[in-house]
Amino acid sequence: MSKKVTKIGVLTSGGDSPGMNAAIRAVVRTALYNKMEVFGIMHGYTGMVEDDIIKMDGRSVANIIQRGGTILKTSRCIEFMQPEGRKKAYENLQKRGINGLVIIGGDGSFRGAQTFSNEFDIPCIGLPGTIDKDIAGTDYTIGFDTAANTAVEAIDKIRDTADAHDRLFLIEVMGRDAGYIALHSGIATGAENILIPEKKTDIDQIIQSLEEKEKRKKLVNIIIVAEGDEFGGADELSKLIKNKLPKLETRVCILGHIQRGGSPSCMDRVLASRMGYHAVESLIEGRHNVFVGIVNNKMNYTPLNEAVKKKQRISESWMQMVKILAT
Ligand code: ADP
C-alpha cells in the first residue's frame with residue numbers, strides 16, 4: 001500500500017518551454033484544493049540539491065498562465081547526476097516532509113526522476129515540457145504548439161521579404177534531433193522544402209529543383225531546415241547550395257531562441273492545465289513514477305523508465321503531400 005502524499009514539490013527542469021507556468025499553476029491549485037502543501041523547487045534539480053525551495057500558495061501562481069518561461073526557473077544540474085547530489089536532494093526534501101514530486105521537463109529530466117525514485121521512496125510524476133515534441137507516450141508536449149506558431153509567424157514575415165527580392169531563404173528552426181517543428185511549420189507556411197533529421201535528404205534533387213525553378217523564374221523559395229538535420233543546419237546547407245548554384249541569391253535565417261519564449265498558445269495552456277491537474281490526481285490515486293501524456297485526447301500514463309525519445313517515422317505520404325502542395 002503506498003503512503004498518502006501530503007506534501008508535493010514541483011519543479012521545472014532542462015530546456016524551458018512555453019506553458020510550463022500554466023502547468024505549475026495547475027499543480028499548485030489542484031494540490032491546494034486537495035488540502036496538500038506545495039513547495040516550489042527553484043532551478044530544477046539544482047534547487048533540490050542546494051536547498052532552494054519555497055512554500056507556495058494560491059497567490060504564488062496568480063497571473064502566470066499567460067506567461068512564457070517558468071517562474072520556478074530551470075537548469076541543467078550536473079550534481080544530480082551523482083549519487084551524493086541526489087542524497088543531498090533527498091535530505092532537503094525530507095526535512096520539509098515532501099513526499100511526492102512533479103517534474104516538468106524533457107526525457108532527460110524524466111531519467112533523473114526515475115533514478116531518484118529508484119534510490120529513495122518518493123513517488124515522482126513527470127509532465128512532458130519540451131518544444132521538441134520528441135517524447136514517446138504523448139501526442140503533444142507542453143510548448144510545442146506555441147513554438148511551432150512562433151516559427152510560422154516568423155516564416156510568414158520572411159516570405160514577404162523573400163518575395164520582394166526574389167530570393168531563396170533557408171530558415172533554421174529548433175527541435176534538437178527531432179523534426180516536428182520543422183515539419184509542422186513548413187507545412188503551415190507552404191515551404192518548398194522541409195529538411196528533417198528523420199528523413200534522408202536528397203541534396204542533388206533539391207539542387208536540381210532549384211535550378212529548374214530558376215529557369216521558370218520561380219525564384220521565391222523557402223526551405224525549412226531542422227537544426228538537427230544531417231547537413232548540420234541552414235548555414236552548412238547554404239554553403240553547399242552556393243557551391244552548386246553561385247548565382248542564386250540565398251539568405252539564411254536562424255530563428256533560434258524566440259521559439260522558446262512568448263505567451264503560450266491556447267492549446268498549450270489547456271494541455272498544461274490538464275496535465276498538471278492529472279499529475280496531482282495521479283499522486284492521490286497512488287500512481288508512481290509515470291509521466292502524464294495525452295494520446296488521442298485521452299490521458300495516458302507511461303512509466304518513467306520507458307520515457308524515451310520518440311523516433312519519428314514520417315510516412316511517405318506526408319512528404320509526398322509536402323512536395324505536391326509546394327509545386
Ligand atoms: P531535458 O529534461 O530537457 O531533456 P536534460 O537532458 O538536460 O534536459 O536533463 C535535465 C536534467 O535532468 C539534467 O541536468 C540532470 O540534472 C537530470 N538528469 C538527466 N539524466 C539523468 C540521469 N540519468 N540521472 C540523474 N539525473 C539526470
- Task: Return only the number of the condition from (1) in contact with a Lys or Arg (Cβ under 7 Å, 6 or more places away or on another chain); (2) within 26 Å of ALA182 (Cα to Cα) that TYR301 does not satisfy.
- Result: (2)
- Just need a number here: residues in segment 1-46 that are farther than 16 Å from ASN63 by Cβ and away from the ligand (no atom under 16 Å from the Cβ). 19
- Message: Restricting to segment 275-313, give me the number of residues that are surrounded by fewer than 17 Cβ atoms within 10 Å (Cβ to Cβ) and closer than 15 Å to ILE24 by Cα.
- Response: 1
- Restricted to segment 217-274, and to residues that are polar (S, T, N, Q), touching a Ser or Thr at 6+ places or on another chain (Cβ under 7 Å) and not in a strand (DSSP E or B), which residue is farthest from GLU153 (Cα to Cα)? SER238
- Item | Odd one out for ASP160, checked against (1) among the charged types (D, E, K, R); (2) within 12 Å of the ligand (Cβ to nearest atom); (3) closer than 28 Å to GLY233 by Cβ | (2)
- Only one residue in SER13, SER17 is modelled with pLDDT of 95 or more and more than 24 Å from TYR90 (Cα to Cα). Which one? SER17
- For segment 106-120, does any single residue satisfy the condition of being more than 14 Å from the ligand (Cβ to nearest atom), in the same structural domain as THR138 (by TED's automatic domain parsing) and more than 20 Å from the chain's Cα centre (by Cα)? no
- Note on the structure: If we ask which residues in segment 188-222 are open to solvent by 40 Å² or more (accessible area, probe 1.4 Å) and in contact with a helix residue (DSSP H, G or I) (Cβ under 6 Å, 6 or more places away or on another chain), their number turns out to be 1
- Message: Just to verify a result, which residue in segment 8-48, among those that are open to solvent by 50 Å² or more (accessible area, probe 1.4 Å) and of a type in the set (D, E, K, R), is farthest from THR70 (Cα to Cα)?
- Response: LYS35
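The values are calculated or read from the model by the stated rules, or taken from the named source; none is laboratory data. All values reported here derive from a predicted model rather than from experimental measurement. Here Cβ is always computed from backbone atoms with ideal geometry, including for glycine, and neighbour counts include all displayed protein chains. In case anyone asks, the SASA skips ligands and DNA or RNA and just uses the protein heavy atoms, side chains included. Shrake-Rupley method; radii C 1.70, N 1.55, O 1.52, S 1.80 Å.
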